[in-house]
Amino acid sequence: MASGSEDSGSDIDGEILTDDEDVSSDDDDLQFPEGGRSSLIPVFDQQNYVRDHIYDFITDGPVGPINRNIINSQPIDYFENQLSNGETSLFELLTNETNRYAAQFFQQHPVQNLPPNSRSRQWIDVTLAEMRTFIGLLLLMGIIQKPSIESYWSTNCLFNTPSFANAMSRNRFQLILKFLHANNNEQNPARDHPNYDLAGKLTEMVNLCNQGFSRNYR
């Protein structure tokens, strides 16, 4: 792990190594006022609202789909084509950066120094096929909503959804989730740097998706 990035080091040092808390969240440190998150939503003031200027839509040609090579393709082909800039797909980006982050983590936390029950001891690099499956399960979780990650792998007859366990084990899913990354931490400015970008961890992914959208529609 390079020593020039204070931010990347602090992110990796902040990982929880115990098996019970192997999946961490950046939101854990956020403090919300009494009344919950809803109190942060501003109240719409109809009397003093000033409507923003709406600019005319100007184009020098027709609008619509511009990539005709995937006409009559399967829905998954459209999905993957949108999430690619022509050279790198979103799945490839996530696979590469997740494996990179895991390597950075283990440079600072050698496997032999981890607690015996740490799930991280079982880590092996994620493959492109696994990442596609992982993202598919995340999307499916948005359709089949349950109270916890563990409940998707429950064998209780009242809650069982075998498609999750058939696709990937719970431990493997949580391991990938633990190391999931879309950028190289070593290239992030430190949090106290003037060029630090709060959305920097997602910038490369957003740029890739925008390029994919531009390739397919105008």
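A few notes on this one:
- Test result for residue 82, out of contact with any Phe, Trp or Tyr (no Cβ under 6 Å at 6 or more places or on another chain), surrounded by 15 or more Cβ atoms within 10 Å (Cβ to Cβ), under 30 Å from residue 180 (Cα atoms) and modelled with pLDDT of 50 or more: yes
- Of the criteria (1) in a loop (DSSP other than H, G, I, E, B); (2) of a type in the set (A, V, I, L, M); (3) modelled with pLDDT of 75 or more; (4) under 22 Å from the mean Cα position of the chain (by Cα), which one residue 23 fails: (3)
- Answer residue from the range 167-218, given it is of a type in the set (A, V, I, L, M) and touching a residue at least 40 places away in the same chain (Cβ under 8 Å) and is farthest from residue 129 (Cα to Cα) among those: 190
- Spans of helices (runs of 4 or more DSSP H) in the range 114-211 with at least 2 residues under 15 Å from the mean Cα position of the chain (by Cα) and loosely packed, with under 13 Cβ neighbours inside 10 Å: 128-143
- Within the range 84-100, considering residues that are hydroxyl-bearing (Ser, Thr, Tyr) and not in a strand (DSSP E or B), the one farthest from residue 123 (Cα to Cα): 88
- Scope the range 85-106; condition aliphatic (A, V, I, L, M) and buried (at least 17 other Cβ atoms within 10 Å of the Cβ); matching residues: 90, 93, 94, 102
The values are calculated or read from the model by the stated rules, or taken from the named source; none is laboratory data. As the structure is a prediction and not an experimental result, all values here were calculated from the model. All Cβ positions, glycine included, derive from the backbone under ideal geometry; neighbour counts span all protein chains shown.
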